[in-house]
Amino acid sequence: MSKPKRNTKKAAQGKARPVAAKSKKAVASKTKAKPAPAKKTPPQKKPVPAKKTVPTKSASKPAPTKVVKKAPLSKPALKQPAAKAPPPKTKTVAAKPSAAKPAPKPVAKAAKPQAPAPSKPAAAAKAPAAVKAAPAPAPAKPAPAKKAPAAAPAPVPAPAVEVAAPAVEAPAPVVAVVKKAPAQPLPAPGPTKTGALFYDSHMHTPLCKHAWGEPEEYAQQAVKAGLKGIIFTCHCPMPNGFWPTVRMSESEFEIYVALVERAADAFKGKLDIRLGIESEYYPGCEEYIAALHQRADFHYVLGAVHWQAKEYLNKYETGTIENFRRTYFDHLAKSAESGLYDCLAHPDLVKNYHPDSWCFAIVKNTVTTALDRIAATGVAMELNTSGLNKSYSEMNPGLEMLRMMADRKIPIVLGSDSHRAVRVGEHFVTALNHLTEAGYENVSYFLNRQRIDLPIPEVLASLKKAADHNA
């Protein structure tokens, strides 16, 4: 009789088990999508933590939405790619919404998180189930969650914007370089086909009110003289009506620049024509002169002290004739020390002040001091051939002063100081012979305010060859 009792107990136990299974299926039916995993998980008791994680994942649903909001800001995202090593660690550890952030990590680290985390896609599969479990409280939140992968590529173009920004800044210095470039390209070094090699670096236009002939007439004479180029150096305007009868006015400055450009265009390919200026040195006008030199692309700035100016005579003609000449040479040295000029014009022009009393020996000590000061600056000096046409008929400077300049290795430039076209290149052969006699080996000219030195024998040969060719 005891055996049937045992069978009834087993039957009761067998019946109790399906009842318990039905209660668990009822719980699983509430979750709608988890009957299959429920059968696998009960022996391991892992469905219970899975159910506990469902509210946590529902709580984490605003977290991905917050991450999505941070992603379009792009400013923190831009700072992180600057240091590529630290950001990936902070994103993978701190942020569970790494599903949205591996997208900006394109190449190396996208493949690595896929291998170690097969369980994470299971959690991701549960996440949409949880979204379906709570349709009412958060229908709008899954939508931004879908936008999160779309927002993930947004930080990818963001670093591209940072890379493009410095590329925009790079051309800025290039534009500055273009502004500093000369208005005309420099001619090729060496002689032309005709053999021309040298420049006349001092001549005027009618704007100075004591010169005659158009710039094209001066250019035509330069070709006949066997020159490669010429530089116009008309008298500059000055402030406060300083000696206005021998210079262009302020309103004529642009006209002067246009005249030289017109001649340069007319003789393009035949003669190189450049813009220069004979720029006055008068104590107190240094700031004006410095500003004037910035108003055009001058290739050559020739400094000059003109003792003939009424203002200069009124201020400095005191005491003896010798004292006045000493003042002149002191100002000549100061003009070099000002740093405003490339070269000093007709350095001993003051010998035409009372020329009958000129004696170089009287002022030689003053000239020696002035030349020492000039040599220390590196500024060039001019051998001006027009001195042969002045009241004291001698080139400026004379041979004795020229020797002193050669001893100090002061660079020398030739200028005809032409106020008429026929004098362009006049007496240049004589001047070059004087330079050789004084001890010079080279003679110079300026382009783009840079000195170019040439051997005197080559210049002499070029003048003869080009003149014969053009005759």
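The values are calculated or read from the model by the stated rules, or taken from the named source; none is laboratory data. These figures come from a predicted structure and were not determined experimentally. Note: ideal-geometry Cβ built from the backbone for every residue, glycine included; neighbour counts use all protein chains shown.
Before moving on, here are some points about what is shown:
- Count of segment 273-310 residues which are over 22 Å from residue 261 (Cα atoms), out of contact with any Gly (no Cβ under 6 Å at 6 or more places or on another chain) and in a loop (DSSP other than H, G, I, E, B): 9
- Restricting attention to segment 451-471, the residues that are assigned to a helix (DSSP H, G or I) and either over 39 Å from the mean Cα position of the chain (by Cα) or not assigned by TED's automatic domain parsing to the domain that holds residue 299 (or both) total 11.
- Residue in segment 253-267 that is at pLDDT 95 or above, crowded, with 22+ Cβ neighbours inside 10 Å and of a type in the set (Lys, Arg) present: no
- Residue within segment 215-234 that is in a helix (DSSP H, G or I), over 33 Å from the mean Cα position of the chain (by Cα) and at pLDDT below 95 present: no
- Residue identified as under 24 Å from residue 330 (Cβ atoms) and touching a Leu at 6+ places or on another chain (Cβ under 7 Å) among 363, 379, 429, 443: 379
- Residue check for residue 315: surrounded by 13 or more Cβ atoms within 10 Å (Cβ to Cβ), free of Cβ contacts under 8 Å to residues at least 24 places away in the same chain and more than 26 Å from the chain's Cα centre (by Cα): yes
- Lone unmet requirement of (1) closer than 15 Å to residue 465 by Cβ; (2) not assigned by TED's automatic domain parsing to the domain that holds residue 269 for residue 189: (1)
- Residue in segment 452-459 that is within 30 Å of residue 366 (Cβ to Cβ), in contact with a helix residue (DSSP H, G or I) (Cβ under 7 Å, 6 or more places away or on another chain) and crowded, with 21+ Cβ neighbours inside 10 Å present: no
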